[in-house]
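In what follows, a single structure is set out as structure tokens and then discussed.
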Amino acid sequence: MKKKQKKYKPASNTITKKELKTSSQNPKKNNVAVFIIPAITFIAYIPVLNAGFVNWDDPDYVTNNRMIKNIYDLENIFTRPIQGNYHPLTILSLALNYFISGLQPWSYHLLNLILHLFNCFLVFRLTMNLSRNNSIIAFTTSLLFGIHPMHVESVA
């Protein structure tokens, strides 16, 4: 006696090829979003380019920090903490800024803004992958990430 084999049906939480084709959005919309998000974020952060240093932690990290004045002193950059914090990539980027522009604050703010815009792009791509290529969700998430006031301290 032969048993009837059941047809394979994908589980409800898996995507079929047909659904995958219909869920993918127009790539032109994604390209436009990739330019709109950084543009809006950049416009929101333009005032930071005219800002100066503050007296909270900038003296310890920038203006009075001898480590950043010698970009080739990698041993100190990668081994010494500042204010009890160990973050060598931050100190290395500050040393690069000092090498490029000395103590001109616009250079430090511009680099932080460029890194923030790149992170907005990464958030867009991650959200596109997590939302199964839903460009509306990815655009909204990335834009809110870009202009959210919580990021002002790290960019400015």
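Residues that are closer than 21 Å to residue 150 by Cβ, part of a loop (DSSP other than H, G, I, E, B) and either among the aromatic types (Phe, Trp, Tyr) or in contact with a helix residue (DSSP H, G or I) (Cβ under 8 Å, 6 or more places away or on another chain) (or both): does the range 54-64 have at least one?
Yes.
Looking at 46, 100, 137, which is the one that is aliphatic (A, V, I, L, M) and more than 28 Å from residue 30 (Cβ to Cβ)?
Values: 46 fails: more than 28 Å from residue 30 (Cβ to Cβ); 137 fails: more than 28 Å from residue 30 (Cβ to Cβ).
Every option except 100 fails the conditions.
Return the residues of the range 118-136 that are out of contact with any helix residue (DSSP H, G or I) (no Cβ under 6 Å at 6 or more places or on another chain) and aliphatic (A, V, I, L, M); say none if nothing qualifies.
122, 126, 130, 136
Rule-based calculations on the coordinates, nothing more; no lab input. In this text, all values refer to a predicted model and were calculated from it rather than measured experimentally. Glycine also receives a Cβ, built like all others from the backbone with ideal geometry; neighbour counts cover every protein chain displayed.
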